[in-house]
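Participant: Okay, here's the structure, questions in a sec.
The values are calculated or read from the model by the stated rules, or taken from the named source; none is laboratory data. Treat the numbers as computed from the prediction; the structure is a model and nothing was measured. Cβ atoms come from the backbone with ideal geometry, glycine included; neighbour counts cover every protein chain shown.
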Amino acid sequence: MNLLLFTPTQAATVTGLPLKKVQKAIDSDAIPVFLRKEKGRRVNKNRYLPDAALLCLMLEAEGVKQLPLRLRKFVFKSVCLFRRRPQIRINDVLWVDVARVRTKLARNLRDLRNAERMITVDRDYLGGSPLVKGTRIPVQTIGDMLESGLEPREIMKAYPQLNDEQIRLAGVFAKARPRRGRPRKK
């Protein structure tokens with residue numbers, strides 16, 4: 001069985017939760033996490049989330065966060081144990097609809113996969129920055145433009161070789177894989 005693992009930043013992008021909320025869910029042991037080991041000891045900063053954890057985080061974003069932590073942990077454990085159940089029953093009155101959230105998560109994961117396929121890295125151009133495939137346009141530039149509030153049609157005026165889908169997926173990729181290091185000085 002091939003287990004898909006995601007970074008907290010990717011999980012935040014796919015689920016729509018802020019990164020701080022994802023980190024808080026990890027720290028509270030509410031969701032399953034894998035820690036990468038280095039020389040026999042666990043390293044806290046190298047945490048990876050399985051797809052079941054993404055479903056739990058998506059439920060959190062959709063409103064399960066209003067439940068007490070004890071009940072959220074019960075729901076998340078049930079989701080992990082009974083992966084195909086369309087609903088999780090908490091009591092006679094309270095049910096959690098997992099099927100609808102699972103469908104939304106699958107769509108967001110498909111967008112992330114398509115965004116990663118659309119990207120190429122050319123070590124000879126811009127120091128190996130991710131580029132939109134078939135162009136020399138840095139993905140982070142498109143992501144920054146979207147983050148600053150520019151509309152896709154305005155971006156297409158600046159970069160006519162891009163289409164709506166490429167711009168949208170570049171934004172997804174830029175969120176899932178932000179620049180590393182300190183921000184550049186202006």
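Participant: Just checking: which of the strands (runs of 3 or more DSSP E) contained wholly in region 51-124 hold 2 or more residues that are touching a Phe, Trp or Tyr at 6+ places or on another chain (Cβ under 7 Å)?
Facilitator: Here the list reads 87-89.
Participant: Additional query: Just to check your reading of the model, which residue among Ile155, Ile142, Ile167 is more than 20 Å from the chain's Cα centre (by Cα), surrounded by 12 or more Cβ atoms within 10 Å (Cβ to Cβ), assigned to a helix (DSSP H, G or I) and not assigned by TED's automatic domain parsing to the domain that holds Leu55?
Facilitator: So the residue among Ile155, Ile142, Ile167 that is more than 20 Å from the chain's Cα centre (by Cα), surrounded by 12 or more Cβ atoms within 10 Å (Cβ to Cβ), assigned to a helix (DSSP H, G or I) and not assigned by TED's automatic domain parsing to the domain that holds Leu55 is Ile155.
Participant: Turning to a different aspect of this structure: Please state which of the following conditions Leu150 fails to meet, knowing it meets all the rest: (1) in a loop (DSSP other than H, G, I, E, B); (2) under 30 Å from Arg72 (Cβ atoms); (3) aliphatic (A, V, I, L, M).
Facilitator: (2)
Participant: Determine whether Lys175 is assigned to a helix (DSSP H, G or I) and surrounded by 11 or more Cβ atoms within 10 Å (Cβ to Cβ).
Facilitator: In short, yes.
Participant: Name the residues in region 145-170 that are more than 20 Å from Asn108 (Cα to Cα) and of a type in the set (D, E, K, R), would you?
Facilitator: Matches in region 145-170: Glu151, Arg153, Glu154, Lys157.
Participant: Take Phe82 and decide whether it is assigned by TED's automatic domain parsing to the domain that holds Ile31, exposed (fewer than 15 other Cβ atoms within 10 Å of the Cβ) and aromatic (Phe, Trp, Tyr).
Facilitator: Yes: the conditions hold for Phe82.
Participant: Report the residue count in region 128-163 for those that are among the acidic types (Asp, Glu) and over 16 Å from Arg179 (Cβ atoms).
Facilitator: Result for region 128-163: 2.
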